[in-house]
Amino acid sequence: MTEHTLSAEPTHSVWDRTLAPRLRVEPGGEVTFECIDSSGGQVQPGMSVSEFLTIDRTRIHALTGPVWVEGAEPGDVLQIDVLATRHGGWGWSSVLEGLGFLKDRFHGPYLFHWQLDGESTSSLAPAVVPVRPFLGVMGVARAEDGTFRTRPPGPFGGNLDVRELCAGSRLYLPVFNNGALFSCGDGHAAQGDGEVCINGIECPLDVTLRFDLHKRQPLAGPLVEANEVAAPDSSADAWVIVESGTDLAATSRAATSRMIDLLVSRWGFLDVHAYILCSVALKLRLSQVVNEPVYTVSAALSKQILPARNLFPVH
């Protein structure tokens, strides 16, 4: 198995399928991505609010990549296994005018610095917040020509902010371009569902990922196989459908419908039985509500209630 390391610089803060790949890997290859924080390294420990307000916001997300996966073609599925994460011991969160889920109540500006003590932080006393690192952005190049800001997520993945994507989990993405052209960044040491103030604990994060490829497999959008190695029990292990859109109700329906399709195609349920199972066991959550006008909904079913399955078996 080939192992690679990809330094953060030069980063990019747009999706553009004409970006030249910085690294080429074979399926089965592992890459350790060095990811600077979502500000592009502009925020530093102890920075003042006034200094924070002067950062260049065109550099937000500061992604590492793209990585070309050999053999990847449109219509394939790219599998990304999150093998390990390592934070740098610090992070930050902010409140800004006009941003966040409660922007009519909290106007900011405000900048909060976190000290990360291994697996938790006591910076916001008396709370003790578990540290659960993951990448807020993991995606492949979009199907369209052009240059697109990284804030809105979509079928290609991107700025999903799905907190289940910590070490031990697996992400499946549809491929839209030769080589897939995968990029990642926006490290979070912790994040609540919704990311309501517009930040998790933003932090530099080194992440080791393994890439595999499933040829000619239909997939409408991101799918997560959550296997949280740090969880005290297996209750966090789940199949998670991820759907993004501008209408919360329509997006929630689309996520639920895709879960029903998955149950029918992979577990052999009648569609009406899958519908009933979702009604009694599905966790329908808001992964992010701050990338307006696009919201992200996660529909999760615990692995404990379903027989084990390899969704994309090797033929």
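Return the percentage of antiparallel bridges among DSSP beta bridges fully within the chain, rounded to the nearest 5 %.
Bridges in the chain that DSSP calls antiparallel: roughly 90 percent.
Once you sort the root eigenvalues of the Cα gyration tensor of the stretch 205-315 as a ≥ b ≥ c, which label holds: rounded (a/c under 1.5), prolate (a/b larger than b/c) or oblate (the other case)?
Rounded is the answer for the stretch 205-315, as its axis ratio a/c remains below 1.5.
Please order Y110, Y275 by the number of other Cβ within 10 Å, starting at the fewest.
Going from least to most buried by this count: Y110, Y275.
For a quick protection proxy, order the peptides 88-94, 158-164 by their average other-Cβ count within 10 Å, most packed first.
Values: 88-94: 20.6, 158-164: 27.3.
Descending mean neighbour count gives 158-164, 88-94.
Over all Cα pairs of the stretch 130-235, how is the pair count split among 10 Å bins, expressed in % and running from 0 up to the last occupied bin?
In whole percents, the pair-distance histogram is 14, 46, 32, 8, 0.
Which whole-number percent of Cα pairs in the stretch 120-165 have a distance greater than 15 Å?
So the pairs more than 15 Å apart make up 56 percent of the total in the stretch 120-165.
Grab the Cα-Cα distance for Q217 and A249, subtract it from 0.36 nm times how many residues apart they are, and report the gain in nm with one decimal.
Residue separation times 0.36 nm, minus the Cα-Cα distance, leaves 8.7 nm.
Taking 2.2 N^0.38 Å as the expected size of a compact globular protein, what ratio does the Cα radius of gyration of the stretch 21-74 give against it, to two decimals?
Rg over 2.2 N^0.38 Å, computed on Cα atoms: 1.60.
For H113, put the label point 7 Å out on the Cα→Cβ axis and report which residues of the stretch 41-77 keep their amide N under 14 Å from it.
The answer is 43-52.
Quickly rank 50-63, 282-295, 118-131 as a protection proxy: mean count of other C-beta atoms within 10 Å, highest first.
Highest-to-lowest ranking by the protection proxy: 282-295, 50-63, 118-131.
In whole angstrom, how far apart do the alpha carbon centroids of the stretch 251-293 and the stretch 36-112 sit?
Using only Cα atoms to place each centre, the spacing works out to 28 Å.
With 10 angstrom as the radius, rank V43, V196 by how many other C-beta atoms surround their C-beta, starting from the fewest.
Fewest-to-most Cβ neighbours within 10 Å comes out as V196, V43.
For the chain, take the alpha-carbon Rg, divide it by the Kirkwood Rh, and send me Rg/Rh.
0.95
Taking R0 as 35 Å, what's the FRET efficiency between T5 and N178 from their Cβ-Cβ distance, rounded to 0.05? Before the final figure, lay out each step's value.
Details: r = 24 Å, r/R0 = 0.69.
It comes out at approximately 0.90.
Counting other beta carbons within 10 Å of each residue's own, what order do M259, M138, M47 fall into, fewest first?
In order of increasing Cβ crowding within 10 Å: M47, M259, M138.
Every number in this text was worked out from the coordinates using simple rules, so none of it is lab data. Being a predicted model, the structure only gives us computed values, none of them experimental. Heads up, the Cβs are rebuilt from the backbone with ideal geometry, glycines too, and the neighbour counts pull from every protein chain shown.
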